[in-house]
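The values are calculated or read from the model by the stated rules, or taken from the named source; none is laboratory data. The shown structure was predicted, so the numbers you read here are calculated from the model rather than taken from an experiment. Here the Cβ positions follow ideal geometry from the backbone for every residue, glycine too, while neighbour counts run over all protein chains shown. Surface areas here come from the heavy atoms of the whole protein model, side chains and all, with no ligands, DNA or RNA. Shrake-Rupley method; radii C 1.70, N 1.55, O 1.52, S 1.80 Å.
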Amino acid sequence: MANTTQPLISVKNLHKKFGTLEVLKGVDLDVQAGDVIAVIGPSGCGKSTLLRCLNLLEMPTGGSILLEDAFVFKNERFILKAKMKAIPDKKSEEYLALKTEYECLKKEEKLIEKTVNKTINIHRQKIGMVFQQFNLFPHLTVLNNITLAPIKLKKCTKEEAEAKAMALLEKVGLADKANAYPSTLSGGQKQRIAIVRALAMEPDIMLFDEPTSALDPEMVGEVLKVMTELAKEGMTMVVVTHEMGFAKEVASRIIFMSDGVIKEENAPKEFFENPKDERLKEFLSKVL
Amino acid sequence: MNWYNTLIKDDRWKMYVNGIEETIIISLGAIAFGILLGVIVALIKYVNKKYDRFKIGAKVCDLYLTVFRGTPVYVQLLIMYLVVLVAFPTRTTAIVTFGINSGAYVAEIIRGGLESVDDGQLEAGASLGLTRTQVMLFIILPQGFRRALPALFNEFIALIKETSIVGTIGVVDITKVAERIIARTYEPFTPYLVTAIIYLVIVIVLTQLLKLLEKKLAKGDKNG
């Protein structure tokens, strides 16, 4: 296991472009084991994209991501490429030196890409994800939703998976819904099931992408309660959220993102009481 | 109307029984073949669209769809019978031709079903660490297939009636039986009426069966 000095996930200079739209413009982030990080920021600032890059649902366009000290993504050659473009004389020594370096890096990074393509599913097994729209499998019962991945990926036998699923369902208070289909559940119940489904894979880290944004106000509480308990048990979590109360009380660190970069990162108390970034001050004055 | 000449004399009803058997065998064979082919083509095209893989495979599939949906099945049957599958029994030729033809329609129907499944399902599957094949097999295909069912049933019903042209290549199906009886009795109305009624009964029975199946599968068919 990773010790406290070695981050579970380490993100360096992460870039993501959709066509010509640059959503992430160089994000650095270290997630230590046991961290509960809340990511807040205005719509379209790239917080969801950052989260989705962490388990490679979205392929970044540049930068690097390390999971437990192993590269799961590395593309640093794009920086060299930009430098090369800036040099007008394509025959200068400086350009040629850059080009050699670029080719060398490209070789190394292509190799990483190739290995990662084969092991991407193993990385994702270590990273649980909860979506805004729940994304439960509608054709399966709650129990089968939870046990599908552990059984198919041969993490355990059917009996073990079901016993574990029932224990987890018990914990979130939905054991009686084991044989129900998702369409018969409320939003809050669906999201709690989605959390259990991710937990059943025994991930090292859980990512939450606005888990309460699609819920009726009445149901937000029951989902946040489950998440709070999870945090107390020591689960490493990265939560993109608009729930400032949750961020304040549960998070160990809060990150404010705006325009594709991290503008401010601090402990909750300092973050809310003494914000330094101008954009953050403006944001907080609107949401608090 | 001459029911005696059409059905009773010389045990002609037995010809109809054999014709029904022939029509049903060809239809079922073609449906099975069509589903197999259609699912494969639909999956290749879906995977090509979502994951940008099987580029050449998708091109081949497109060509197949264009050719077999763009030409009459009657002409396809003649070409198969007279050129491609000359050495095979006519029943096999009929099954293969209708299977390939129907497969093209089935492929597009199933692809439509697959594409109607929300992308969130792909992402949820991937985020759990399932491989692409597992996501396809256990998450996308069951949902897409179910959504395609009503349109698929339509295709099967159309297929059964289309097989009425197999008499052209010498297969004695329900329609051909009527022609043979007419050749003896010189009275076309009753034999064709019997043939029409038989098709109608087959289609009604099938429709009821499929309705039952659809109901059985309808559980949990809403967005999660």
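Would you be able to say whether some residue in the range B:18-28 is more than 22 Å from residue B:156 (Cβ to Cβ) and surrounded by 13 or more Cβ atoms within 10 Å (Cβ to Cβ)?
Quick first cut of the range B:18-28, residues more than 22 Å from residue B:156 (Cβ to Cβ) only: B:18.
Now drop any that are not surrounded by 13 or more Cβ atoms within 10 Å (Cβ to Cβ), which leaves B:18.
Yes, because at least one residue in the range B:18-28 is more than 22 Å from residue B:156 (Cβ to Cβ) and surrounded by 13 or more Cβ atoms within 10 Å (Cβ to Cβ).
Can you pull out the residues in the range A:94-149 that are basic (Lys, Arg) and either more than 8 Å from chain B (Cβ to nearest Cβ) or in a loop (DSSP other than H, G, I, E, B) (or both)?
A:99, A:106, A:107, A:110, A:114, A:118, A:126, listed by residue number.
Applying the selection to the range A:39-93, what residues are touching a Ser or Thr at 6+ places or on another chain (Cβ under 7 Å), farther than 19 Å from residue A:108 by Cβ and either assigned to a loop (DSSP other than H, G, I, E, B) or of a type outside the set (A, V, I, L, M, F, W, C) (or both)?
A:41, A:42, A:45, A:55, A:57, A:58
Say whether the condition of being open to solvent by 30 Å² or more (accessible area, probe 1.4 Å), assigned to a helix (DSSP H, G or I) and polar (S, T, N, Q) is met by at least one residue in the range A:207-218.
Narrowing the range A:207-218 to residues open to solvent by 30 Å² or more (accessible area, probe 1.4 Å): A:213-214, A:216-218.
Keeping just the survivors that are assigned to a helix (DSSP H, G or I) gives A:217-218.
Subsequent filtering for residues that are polar (S, T, N, Q) retains none.
No, every residue in the range A:207-218 fails to be open to solvent by 30 Å² or more (accessible area, probe 1.4 Å), assigned to a helix (DSSP H, G or I) and polar (S, T, N, Q).
Scan (1) more than 14 Å from chain B (Cβ to nearest Cβ); (2) among the small types (Gly, Ala, Ser); (3) closer than 26 Å to residue B:126 by Cβ for the single condition residue A:221 breaks and write down its number.
If we test residue A:221 against (1) more than 14 Å from chain B (Cβ to nearest Cβ); (2) among the small types (Gly, Ala, Ser); (3) closer than 26 Å to residue B:126 by Cβ, just (3) comes out false.
Quick one: is residue A:41 farther than 28 Å from residue A:118 by Cβ and either open to solvent by less than 30 Å² (accessible area, probe 1.4 Å) or of a type in the set (Asp, Glu) (or both)? Quick ask: steps written out before the conclusion?
Numbers: farther than 28 Å from residue A:118 by Cβ: yes; either open to solvent by less than 30 Å² (accessible area, probe 1.4 Å) or of a type in the set (Asp, Glu) (or both): yes.
Judged against the criteria, residue A:41 is a match.
How many of the residues making up the range A:150-191 are in a helix (DSSP H, G or I), among the basic types (Lys, Arg) and open to solvent by 50 Å² or more (accessible area, probe 1.4 Å)?
Counting residues in the range A:150-191 that are in a helix (DSSP H, G or I), among the basic types (Lys, Arg) and open to solvent by 50 Å² or more (accessible area, probe 1.4 Å) gives 5.
Among (1) open to solvent by 30 Å² or more (accessible area, probe 1.4 Å); (2) touching a strand residue (DSSP E or B) at 6+ places or on another chain (Cβ under 8 Å); (3) small (Gly, Ala, Ser), which single condition is residue A:251 missing?
(1)
Among the candidates B:160, B:169, single out the residue that is in contact (Cβ under 8 Å) with a residue 40 or more places away in the chain, under 29 Å from residue B:69 (Cα atoms), in contact with a Phe, Trp or Tyr (Cβ under 6 Å, 6 or more places away or on another chain) and open to solvent by less than 30 Å² (accessible area, probe 1.4 Å). Steps first, please.
On the way: B:160 fails: in contact with a Phe, Trp or Tyr (Cβ under 6 Å, 6 or more places away or on another chain).
Just one listed residue meets the conditions, B:169.
Of the numbered conditions (1) at pLDDT 90 or above; (2) open to solvent by less than 20 Å² (accessible area, probe 1.4 Å), residue A:59 satisfies every one except a single condition; which is it?
Just one mismatch for residue A:59, condition (2).
Any chance the range A:153-167 includes a residue that's within 25 Å of the chain's Cα centre (by Cα), facing chain B (nearest Cβ under 10 Å) and within 25 Å of residue B:117 (Cα to Cα)?
Within the range A:153-167 (the criterion being within 25 Å of the chain's Cα centre (by Cα), facing chain B (nearest Cβ under 10 Å) and within 25 Å of residue B:117 (Cα to Cα)), the answer is yes, since at least one residue qualifies.
For the structure I just gave you, tell me whether residue A:202 is open to solvent by 40 Å² or more (accessible area, probe 1.4 Å), in contact with a Lys or Arg (Cβ under 8 Å, 6 or more places away or on another chain) and either under 20 Å from residue A:177 (Cα atoms) or outside any loop (DSSP other than H, G, I, E, B) (or both).
On the way: open to solvent by 40 Å² or more (accessible area, probe 1.4 Å): yes; in contact with a Lys or Arg (Cβ under 8 Å, 6 or more places away or on another chain): yes; either under 20 Å from residue A:177 (Cα atoms) or outside any loop (DSSP other than H, G, I, E, B) (or both): no.
So residue A:202 fails the test.
Could you list, in sequence order, all residues of the range A:62-75 that are touching a helix residue (DSSP H, G or I) at 6+ places or on another chain (Cβ under 8 Å), open to solvent by less than 60 Å² (accessible area, probe 1.4 Å) and not polar (S, T, N, Q)?
Looking only at the range A:62-75, we keep the residues that are touching a helix residue (DSSP H, G or I) at 6+ places or on another chain (Cβ under 8 Å), and these are A:62, A:65, A:67, A:71-75.
Restricting the remaining residues to those that are open to solvent by less than 60 Å² (accessible area, probe 1.4 Å) gives A:62, A:65, A:67, A:72-75.
A:62, A:65, A:67, A:72, A:73, A:74, listed by residue number.
Is at least one residue of the range B:210-224 modelled with pLDDT under 90, touching a Leu at 6+ places or on another chain (Cβ under 8 Å) and of a type in the set (Gly, Ala, Ser)?
Yes: one or more hits.
Please determine, by comparing only the residues of the range B:74-133 that are of a type in the set (Asp, Glu) and within 14 Å of chain A (Cβ to nearest Cβ), which one is least open to solvent (accessible area, probe 1.4 Å). Steps first, please.
As a first pass, look at the range B:74-133 and keep what is of a type in the set (Asp, Glu): B:108, B:115, B:118-119, B:123.
Narrowing further to those that are within 14 Å of chain A (Cβ to nearest Cβ): B:118-119, B:123.
Numbers: B:118: 86, B:119: 72, B:123: 45 Å².
The selected residue is B:123.
Picking from A:83, A:114, which residue would you name as being loosely packed, with under 15 Cβ neighbours inside 10 Å and in contact (Cβ under 8 Å) with a residue 12 or more places away in the chain? Walk me through how you get there before you give the answer.
Working: A:114 fails: in contact (Cβ under 8 Å) with a residue 12 or more places away in the chain.
None of the other options fit; the residue is A:83.
Kindly indicate whether any position in the range A:228-239 is free of Cβ contacts under 8 Å to residues at least 60 places away in the same chain, in a helix (DSSP H, G or I) and closer than 14 Å to residue A:39 by Cβ.
No, the range A:228-239 contains no residue that is free of Cβ contacts under 8 Å to residues at least 60 places away in the same chain, in a helix (DSSP H, G or I) and closer than 14 Å to residue A:39 by Cβ.
Collect the residues in the range B:135-168 that are closer than 18 Å to residue B:210 by Cβ, of a type outside the set (Phe, Trp, Tyr) and within 14 Å of another protein chain (Cβ to nearest Cβ), keeping them in residue-number order.
So the first thing to find is which residues in the range B:135-168 are closer than 18 Å to residue B:210 by Cβ, and the list is B:142, B:144-163.
Still in the running and of a type outside the set (Phe, Trp, Tyr): B:142, B:144, B:146-152, B:154-155, B:157-163.
Answer for the range B:135-168, where residues must be closer than 18 Å to residue B:210 by Cβ, of a type outside the set (Phe, Trp, Tyr) and within 14 Å of another protein chain (Cβ to nearest Cβ): B:142, B:144, B:146, B:147, B:148, B:149.
So residue A:176 ticks every box in (1) touching a residue at least 24 places away in the same chain (Cβ under 8 Å); (2) more than 10 Å from every other protein chain (Cβ to nearest Cβ); (3) of a type in the set (D, E, K, R) but one. Which box is left unticked?
(1)
Checking residue B:189 against (1) in contact (Cβ under 8 Å) with a residue 12 or more places away in the chain; (2) open to solvent by 40 Å² or more (accessible area, probe 1.4 Å); (3) under 26 Å from residue B:29 (Cα atoms); (4) out of contact with any Leu (no Cβ under 6 Å at 6 or more places or on another chain): exactly one of these is not met. Which one?
Failing condition for residue B:189: (3).
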